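These notes are about the structure you will find just below.
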């Protein structure tokens, strides 16, 4: 199965792993210690992130280090960015609508 960046970021645990690895490379064990789920479950998430090219896992002696590959997140960023203005406009309109309702309620109350 061919995996892509969107599959990688679809799961909240994988997003949390990406966030951790954005700070610093960590061993598989260090990543697993940060979560309340099983080590095999974390290994599966790391495997998916690796298959998607979001992280790279290097073997150094007995340890496996996970390092983020931020350039491979660019397609998701670009896709999301194209909708940012649309959502900002809609949220601004919604906020204005709520302000109008609040003003009307104060006048009528």
For the chain, longest principal axis from Cα atoms; helix 39-51 axis from its Cα atoms; angle between them, nearest 10 degrees, is 80 degrees
Once both axes come from the Cα atoms, what is the angle between helix 74-108 and the longest principal axis of the chain, in degrees from 0 to 90, rounded to 10?
30 degrees
Rounded, prolate or oblate (a/c below 1.5 giving rounded, otherwise prolate when a/b exceeds b/c) for segment 16-56 by Cα gyration tensor
oblate
Taking only Cα atoms, what is the 0 to 90° angle, nearest 10, from helix 12-23's long axis to the longest principal axis of the chain?
70 degrees
Label corresponding to Cα extents along the principal axes in Å when calculated from the structure given, among (1) 40, 33, 19; (2) 72, 29, 26; (3) 41, 27, 21:
(2)
For segment 55-109, just say rounded, prolate or oblate: build the C-alpha gyration tensor, square-root its eigenvalues into a ≥ b ≥ c, call rounded for a/c under 1.5, and beyond that prolate if a/b exceeds b/c, oblate if not.
oblate
The extension gain from residue 33 to residue 89, computed as 0.36 nm times the residue separation minus the Cα-Cα distance, is 16.1 nm
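All of the numbers you see were taken from the coordinates with simple rules; none came from a lab. Because the structure is predicted, anything quoted here is derived from the model rather than measured.
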